[in-house]
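The values are calculated or read from the model by the stated rules, or taken from the named source; none is laboratory data. None of the values given here were measured: they were computed from a predicted structure. All Cβ positions, even for glycine, are placed from backbone atoms using ideal geometry, and neighbour counts span all protein chains on display.
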Amino acid sequence: MERVYGVTPPISTAFPTDEEKVLNDALFKELRAQGTFETPMETEKRKEILVSLGEMADEFVKRAAREKEPKNEFLIRNARGRIFTYGSYRLGVYGPGSDMDTLVVAPRYVTVEQYFKIFPSILEEMAPSGAITDVNPVPDAFVPIIKFEFNDISIDLIFCPIQTLKELPEDKDWNLGDNTLLRGLNENQVRSLNGTRVTDEILQLVPEPATFRLAVRAIKLWAQRKAIYANILGYPGGIAWNIMVARVCQLYPKATSALIVNKFFNIMLKWPWPLPVLLKDIEYGLSVTRVPVWNPKLYPSDRNHRMPIITPSYPSMCTTHNVGMSSMRAIQQELEKGARLTDEIMLGRRAWNDLFTKHTFFTTGFKFYLTVVSSSRTREAQNKWSSFIESRVRVLVQKLDLHPSIDVARPFTKGYDRVHRCRTNVQIEEVQAGSLTYLAEKDCAEEEASTTKPDVKTDTNPEIKGEIKEANGTLPKGENGASPQEATSVPPKEENGAPLIKAEETDHQATTMPNGAKGETVEGEEAQVKLADIPELKPPADAQVEIYTTNHYIGLQLMKNAKSLDLSREVNDFKAMCMSNDIFQPELMCLTIQHLKSWELPGDVFEPGEVKPTRPIRKKRLASEDPGKPDAKRQQMTAAAS
């Protein structure tokens, strides 16, 4: 009897037609033309890196054992570590420039403190000279991680000790599939192991792994191009897209990748959310870990998940708890477009490259934007501060979703890093408020050329690598706050027929930007920081101070009847939340939120060939045009009086 995959029987077990095979070949060729496949030479380099990391893991555990019990020769001699991969590399869907998500597993006596103390030095000692660069340990992350470049390939290395093993097996085929390996682990350790466990189980739960891999490449490229691929900002991440494609493969076990892509759009567009997407039945009742299993009947927070996509490995977790109203709406809009387009492709009326056209987020997507500007006086501080702010942008978006005048608040999927060179505190203040006047030469050239890095980001797996801890050390979850009160009434004021957007109302005067936009300096009840409180910089006359900024953009679509918009409460609450966290250093860091119209967007958010929106010309009514007709304002006043 043929195996049935998934929690329901398949929809169709029909074999591919000749036409579907032709379309599948065309899809493969298009994905190659799009540059989603890596050269054999690059793949071989990745394999060599994994061999080196395996040797380093053994040395790391031996040193940890020697430090733990220096006289125990048996323990030291048998000390060994293991390297596992997860994410796009382990699935076999990585491409040029993809990072490698890796996990080092150690016996129970090795501590996370030893990991951050010993492993960075081993990287420098054992790798060829110059091979290791940009080593960045991140002990504050929810999952302990060391980021670095190894022969120009980005490595994210997380760590987990197995509490049930004092010695790891020598068997090279040993894996992490046994649920008892989770015994005694805390939540972040379980998440570390489950990156590999989930990836392996997905491959075991699809009928044809090769078909699945090609379809995943197509769907991920589409999601990246449409700017709906970023777990940390409220969209599905790599694991979620993998699980959705795998579910469609289960429903059409004999289909080609081309048909799977077409069915993906049609099925996920009509999916009856919040019914969860499952690859197998959820396992309940196991007592190997205290980490909760996703259960909307038991946990109120799980009932709030809008489009739950559940990992197959125990303990099952929701990979999409960050998805909010606006991001879900954006996903559904793109699914609808994809369904129509792939239907035409399957009929031979369109080509596959039409599916992978770039988003219009900045060109025609919105008329109004908020930009969240995080800034710091050192690069190291900005790396920490901007990462933290990025993990909180979705919280601001959730509050904006609840605003009565906002129809859509859609965050873009990445931040824009810029470097500025300033000579005075006044210039620094302008930069912190959003000015691009003092961009460093390289960034300035990019701004003028209207270029930016390609927005292709391959399966960074943020669900596993985690987020910055809250002040109390807990993992931030979907922080759906209570609905805010009615926005403060602001008298309508229009510019070219556009409603006034009031981003913030504070006691100080807003900084006026060179382009006329207004930026607000950081203030909050928890911490109030003004540049005047910081000692005046007195560098030499020809000296420059570098300021590092990261901008995250949120597109706003207002309700049809909205004439004005006051966001002062949402903005000030967001600032107070961010600045009250322990990571905030007032002498180094700043946070600003400003509003922009589409024609005020900086040039570096546009790709070459894209047309930047222009300011509309306001038409003045001529005296000859129906002079007897009263203007709109007079009509409103007359109606009110009557």
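For the range 360-377, does any single residue satisfy the condition of being assigned by TED's automatic domain parsing to the domain that holds residue 556 and touching a Cys at 6+ places or on another chain (Cβ under 7 Å)? Looking through the range 360-377, at least one residue is assigned by TED's automatic domain parsing to the domain that holds residue 556 and touching a Cys at 6+ places or on another chain (Cβ under 7 Å).
For residue 382, the stated conditions do not hold, so it cannot be described as part of a helix (DSSP H, G or I) and surrounded by fewer than 19 Cβ atoms within 10 Å (Cβ to Cβ).
Considering the conditions (1) over 24 Å from residue 326 (Cα atoms); (2) modelled with pLDDT of 95 or more, residue 302 is excluded by exactly one of them, (1). Kindly indicate whether residue 564 is at pLDDT below 95, over 23 Å from residue 435 (Cα atoms) and touching a Pro at 6+ places or on another chain (Cβ under 7 Å). When the stated conditions are applied, residue 564 passes them. Across the range 332-344, not a single residue is classified as buried (at least 23 other Cβ atoms within 10 Å of the Cβ), in contact (Cβ under 8 Å) with a residue 60 or more places away in the chain and touching a Ser or Thr at 6+ places or on another chain (Cβ under 7 Å). A residue that is under 23 Å from the mean Cα position of the chain (by Cα), among the acidic types (Asp, Glu) and at pLDDT 95 or above can be found somewhere in the range 409-431. Entry remark, the range 324-335: residues being modelled with pLDDT of 95 or more and in a loop (DSSP other than H, G, I, E, B) number 0 in total. Look at residue 373 and say whether it is closer than 26 Å to residue 137 by Cβ, aliphatic (A, V, I, L, M) and touching a strand residue (DSSP E or B) at 6+ places or on another chain (Cβ under 6 Å). Criteria not met by residue 373.
Highlighted here are the strands (runs of 3 or more DSSP E) found entirely within the range 115-211 that include at least 3 residues which are in contact (Cβ under 8 Å) with a residue 24 or more places away in the chain and either of a type in the set (S, T, N, Q) or surrounded by 19 or more Cβ atoms within 10 Å (Cβ to Cβ) (or both): 145-150, 153-162.
Scanning the range 63-83 for residues that are under 36 Å from the mean Cα position of the chain (by Cα) and either surrounded by fewer than 18 Cβ atoms within 10 Å (Cβ to Cβ) or hydrophobic (A, V, I, L, M, F, W, C) (or both) yields 64, 83. Given the structure, is residue 142 at pLDDT below 95 and among the aromatic types (Phe, Trp, Tyr)? For residue 142, the condition - at pLDDT below 95 and among the aromatic types (Phe, Trp, Tyr) - is met. Being part of a helix (DSSP H, G or I) and hydrophobic (A, V, I, L, M, F, W, C) is the filter here, so list the residues in the range 28-54 that pass it. The answer is 28, 31, 33, 41, 49, 50, 51, 53.
Of all residues in the range 294-333, those being within 22 Å of residue 194 (Cα to Cα) and polar (S, T, N, Q) number 8. Against the definition (assigned to a loop (DSSP other than H, G, I, E, B), without any contact (Cβ under 8 Å) to a residue 40 or more places away in the chain and within 18 Å of residue 263 (Cα to Cα)), how does residue 9 come out, yes or no? Taking the combined requirement at face value, the residue satisfies it. In this structure, residue 289 does not satisfy being in a helix (DSSP H, G or I), among the polar types (S, T, N, Q) and more than 25 Å from the chain's Cα centre (by Cα). The set of residues from the range 38-54 being out of contact with any strand residue (DSSP E or B) (no Cβ under 9 Å at 6 or more places or on another chain) and among the acidic types (Asp, Glu) comprises 38, 44, 48.
Just need a number here: residues in the range 6-32 that are within 30 Å of residue 102 (Cβ to Cβ) and surrounded by fewer than 14 Cβ atoms within 10 Å (Cβ to Cβ). Of the residues in the range 6-32, 1 are within 30 Å of residue 102 (Cβ to Cβ) and surrounded by fewer than 14 Cβ atoms within 10 Å (Cβ to Cβ). Would you be able to say whether some residue in the range 84-105 is small (Gly, Ala, Ser), over 30 Å from the mean Cα position of the chain (by Cα) and crowded, with 20+ Cβ neighbours inside 10 Å? There is no residue in the range 84-105 that is small (Gly, Ala, Ser), over 30 Å from the mean Cα position of the chain (by Cα) and crowded, with 20+ Cβ neighbours inside 10 Å. Looking across the range 94-108, the residues that are in contact with a Lys or Arg (Cβ under 7 Å, 6 or more places away or on another chain) and either part of a strand (DSSP E or B) or at pLDDT below 95 (or both) come down to 100, 105, 107. For the range 290-299, a residue qualifies if it is at pLDDT below 95 and of a type in the set (Val, Ile, Thr), and exactly one does: 291. Within the range 252-285, the set of residues being among the hydrophobic types (A, V, I, L, M, F, W, C) and not in a loop (DSSP other than H, G, I, E, B) comprises 258, 259, 260, 261, 264, 265, 267, 268, 269, 277. Here 593, 534, 583 are screened, and the one residue that is among the aliphatic types (A, V, I, L, M), in contact with a helix residue (DSSP H, G or I) (Cβ under 8 Å, 6 or more places away or on another chain) and modelled with pLDDT of 95 or more is 593. Please determine whether any residue of the range 275-289 is at pLDDT below 95 and surrounded by 15 or more Cβ atoms within 10 Å (Cβ to Cβ). Among the residues of the range 275-289, at least one is at pLDDT below 95 and surrounded by 15 or more Cβ atoms within 10 Å (Cβ to Cβ), which makes the answer yes. Residue check: residue 249 meets all listed conditions (1) touching a strand residue (DSSP E or B) at 6+ places or on another chain (Cβ under 6 Å); (2) assigned to a helix (DSSP H, G or I); (3) more than 30 Å from residue 371 (Cα to Cα); (4) hydrophobic (A, V, I, L, M, F, W, C) but one, namely (1).
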